[in-house]
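Peer 1: One structure is given below, represented as structure tokens, and several questions about it will come after.
Where a number appears in this text, it was derived from the coordinates with a stated rule and is not lab data. Bear in mind the structure is a predicted one, so any value in this text is a computation, not a measurement. Methodologically, a virtual Cβ is constructed for each residue, glycine included, from the backbone with ideal geometry; neighbour enumeration extends over all protein chains shown.
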Amino acid sequence: MPFFECKDSIINTLDKLWHLLEIFSGLIKGFSSTWKPNPIAVESNIKFIQTYTNWIIKKVNIDAAWKSIDKSEVQSGDVILITRLDGLDPFIITATGSRVGHTTIVLRNPDDNDL
């Protein structure tokens, strides 16, 4: 009895394995000191999500998006929903139907009302 049974040809199986490794390339290479995920992992995960959920992810200039937020409108208790396009978030999205991998809650300092 074989340990692994390939339902497809070995070439197609290895090709699929390669694409799976691309999805996790951010984790395989280790986390960097920057918050930006590996571009190869991002592109692979966008394709994965679009293939299995039909969710079209639009590219956003994150710097411009953050600058456009008026800090006076952000209050304690507001929730920021985060999807990171490397690691396990794409699998969470696909398996649960969610569009979120992480959440964070805004807290203002009660002394000076600063974020």
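Peer 1: What is the spin-label model distance, in nm, from ASP70 to PHE91 if the labels are put 7 Å beyond Cα along the C-beta direction?
Peer 2: 4.3
Peer 1: Which whole-Hz couplings ³J(HN,Hα) result when phi for each residue of the stretch 58-67 is put into the Karplus expression 6.51 cos²θ - 1.76 cosθ + 1.60, θ = phi - 60°, listed in order with x for Gly and Pro?
Peer 2: 8, 6, 10, 7, 5, 5, 5, 5, 5, 5
Peer 1: Separate question: Could you go through the stretch 109-115 in sequence order and give the Karplus-derived ³J(HN,Hα) for each residue, using 6.51 cos²θ - 1.76 cosθ + 1.60 with θ = phi - 60°, rounded to whole Hz, and x for Gly and Pro?
Peer 2: 5, x, 6, 10, 6, 7, 6
Peer 1: Let me ask another. Give LYS36/LYS67; LYS47/LYS67; LYS16/LYS58; LYS36/LYS71 a once-over and call out the pairs whose C-alpha atoms are over 27 Å from each other.
Peer 2: Long pairs (Cα-Cα over 27 Å): LYS47/LYS67.
Peer 1: Relative contact order for the stretch 10-105: what is it in percent, counting Cα pairs under 8 Å that are at least 6 residues apart?
Peer 2: That works out to 29 percent.
Peer 1: For the chain, what ratio Rg/Rh do Cα atoms give with a Kirkwood hydrodynamic radius?
Peer 2: Result: Rg/Rh = 1.12.
Peer 1: Could you give each residue of the stretch 85-101 its phi-based ³J(HN,Hα) in whole Hz, using Karplus coefficients 6.51, -1.76, 1.60 with θ = phi - 60°, and x for Gly or Pro?
Peer 2: Ordered by residue, 3J(HN,Hα) equals 8, 8, x, 8, 3, x, 6, 4, 4, 5, 6, 9, x, 6, 10, 10, x Hz.
Peer 1: For the stretch 45-92, just the Cα atoms, rotate onto the principal axes and tell me the three extents in Å, largest first.
Peer 2: Sorted largest first, the three principal extents are 39, 22, 18 Å.
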